[in-house]
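Take a look at the structure below.
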C-alpha cells in the first residue's frame, strides 16, 4: 500500500493507528514514572500518578482476556442487534472496548483468551473515507494469552 | 462554621410534560419549597440550579424570570446525573462558608425518550455496534456482568431490585409509575442489554425538585427548628484512576471514595443510616452500591436483596421513593428529589411509605464522566 493510501484510512478508535505500510496496530502509552500502561493516552500527565510529561508511546499487545461484556439487544435506531460489547484486558497492560464477534453468547466465558483483529470497512455512497475498526475474536491460533 | 439545614423542600410529580418549559417546572418546585419553609423569593440570597439538557442556556436565570427577578447571584451547575446534587452542594458550601444565610437550590430536567448515551462514536463517525456500545444500558449491563463475574450475581437478583422499587413507588404519589411488577414480568420484559430488561432501566421523565438551605443562626431566628433537617455530610468526588476507567466508567471506586468521606464528615457509619436513596439508574447499579456504600460486605449484595432487608420494613430500606427505576430519573432534578425524599422521612411526613422512626438517612447519586455526590441528613 502506498503512503497515500495508508493516510486515507480512518481508524474508529483513538488507540487504533495505521503504520506507514497501511497495517493497523494498537497504540498505547506507558508512564516512565509509575510504569502504568494506558490504552487511551496522548495526554499531558499520567492519570494514575499525575507526573507531567512522562507518557511514551508503545505498541499494545493484540491478545488479551475478556474482562466483562454484555449482549446488546436494543441499540440506537438502525444498528443491527444482537451484538456483544466487550471490555478486554490486553496482555501486558491496557484495556479496550470493542465488539466480540463469531461466538455464540452461550460460549462466552469471563477471562477467555481473545485476539484483536482489524478490518477496513468499505466506503458507501458519497462517503469516500475508508474506516478501520478493531474487533475481538476467540484466540484461535493456539497462542495463549498470558495472564 | 455554621451547621447547615434544609428548612424547606418539595418536588413536582415526575412525568412527561412535553408542553411545559424547564423554567416553569423549576419555578413550580421552587415555590413549593418556599411555601414549605413559609418564605418568599425575596428572602433568598442566591440560586443554585442543576440541569443538563439546557446547560448552556442559563436555566437558573430563566427560573428567576418566573419567580421574581430579585437580582440575586445565580449559579448553573451541569454535572451529568449529579447536576442537582452538585447544585445542592454549592448551596451548602455557600451557607457553610458564612457568605449567605438562605439560598435556594433547584434541580430540573426535561428529557426525551429512548436510550441515553447516544451510542458509541469516534471523530464524529457513529461506531455503535462496530466498536462495542456507548449506550447507558450497555454500560450498566457490563458493570452488572462485572459483579456477576466477581460474585456470581444472577439476573433474578438484579430483577428483584426492580420488583422492590416498583412496589415502593405505589406508595409515592410523586412517582411517575405506581404499579407492581412481579418478578416474572420484570424478567420477561424486553431484553435491552443483558442482564437488563426494559423494567430494569430507569424511566426518562420530566421533573423538578427544590430545597431551601439555611444557616443555623437564621433557622433559629425564623423559628423553624421543628421541621429543620441538618446536613451532616455533603461530599462530591470525581473518579480516581483505575486500570479500567478510561475504557469503561467506574462508578464503584468514586462511590466508595465519596461514601467514606461522607461517613467521616458525619461521624457515623453504615449501621447508623436508617434509609438510603441511591442511584438505581439501572437495577444492576443498586446492588453494586449496596457494597460501595458499605451496607453489606463485598459480594453480599445478592444475598442482601434476597433477604428483603432493603425493602420498606427491612433493616435498611433503599429507594422507598420508588427510586430512579419507578419514580423516574430527570437528570438534573434527581439529586434534589433524593434530598426531598430523605428529608420527608426524617420529618416523619412520608405517609404510607414512612420508614418507621427514621432520624438519619443518606442520598447518593453518580454522574457519568464521572462523579459521585453523597449527603447525610438528620432530623435537627
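The values are calculated or read from the model by the stated rules, or taken from the named source; none is laboratory data. It should be emphasised that the depicted structure is a prediction, and the values quoted were computed from it without experimental measurement. Positions of Cβ are generated from backbone atoms using ideal geometry, with glycine treated the same way; all protein chains shown enter the neighbour counts.
Here is a yes/no grid of residues against (1) modelled with pLDDT of 95 or more; (2) within 14 Å of chain A (Cβ to nearest Cβ); (3) in a helix (DSSP H, G or I):
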{"residue": "B:92", "(1), (2), (3)": "yes, no, yes"}
{"residue": "B:104", "(1), (2), (3)": "yes, no, no"}
{"residue": "B:118", "(1), (2), (3)": "no, yes, no"}
{"residue": "B:150", "(1), (2), (3)": "yes, yes, yes"}
{"residue": "B:157", "(1), (2), (3)": "yes, no, yes"}
**OP:** Could you grab me the full set of residues in region B:120-133 that are surrounded by 23 or more Cβ atoms within 10 Å (Cβ to Cβ) and either at pLDDT below 90 or more than 7 Å from chain A (Cβ to nearest Cβ) (or both)?
**Re:** B:120
Original post:
Only one of these conditions is not met by residue B:186: (1) more than 9 Å from chain A (Cβ to nearest Cβ); (2) modelled with pLDDT under 95; (3) in contact with a strand residue (DSSP E or B) (Cβ under 7 Å, 6 or more places away or on another chain); (4) more than 26 Å from residue B:373 (Cβ to Cβ). Which number is it?
Top reply: (2)
Original post:
Is it true that some residue in region B:261-280 is over 16 Å from the mean Cα position of the chain (by Cα), on the phi > 0 side of the Ramachandran plot and surrounded by fewer than 20 Cβ atoms within 10 Å (Cβ to Cβ)?
Top reply: yes
Original post:
residue A:42 fails exactly one of the following numbered conditions: (1) at pLDDT below 95; (2) surrounded by 13 or more Cβ atoms within 10 Å (Cβ to Cβ); (3) more than 11 Å from chain B (Cβ to nearest Cβ). What is the number of that condition?
Top reply: (2)
**OP:** Scan B:314, B:322 and give me the residue that is under 21 Å from residue B:361 (Cβ atoms) and surrounded by fewer than 24 Cβ atoms within 10 Å (Cβ to Cβ).
**Re:** B:314
**OP:** Consider residue B:47 carefully, then state whether it is under 20 Å from the mean Cα position of the chain (by Cα) and in contact (Cβ under 8 Å) with a residue 24 or more places away in the chain.
**Re:** yes
**OP:** From A:90, A:60, A:100, A:55, grab the single residue that is at the interface with chain B (Cβ under 9 Å from one of its Cβ atoms) and crowded, with 21+ Cβ neighbours inside 10 Å.
**Re:** A:100
Subject >> Qualifying position, being within 14 Å of another protein chain (Cβ to nearest Cβ), over 29 Å from residue B:34 (Cα atoms), under 21 Å from the mean Cα position of the chain (by Cα) and modelled with pLDDT of 95 or more, among B:255, B:284, B:242 >> reply: B:284
Subject >> Which listed residue, of B:193, B:202, B:215, B:162, is within 14 Å of chain A (Cβ to nearest Cβ) and either closer than 30 Å to residue B:32 by Cβ or surrounded by 23 or more Cβ atoms within 10 Å (Cβ to Cβ) (or both) >> reply: B:193
Subject >> In region B:197-229, the residues that are part of a strand (DSSP E or B) and either out of contact with any strand residue (DSSP E or B) (no Cβ under 9 Å at 6 or more places or on another chain) or closer than 16 Å to residue B:96 by Cα (or both) >> reply: B:211, B:212, B:213, B:214, B:215, B:229
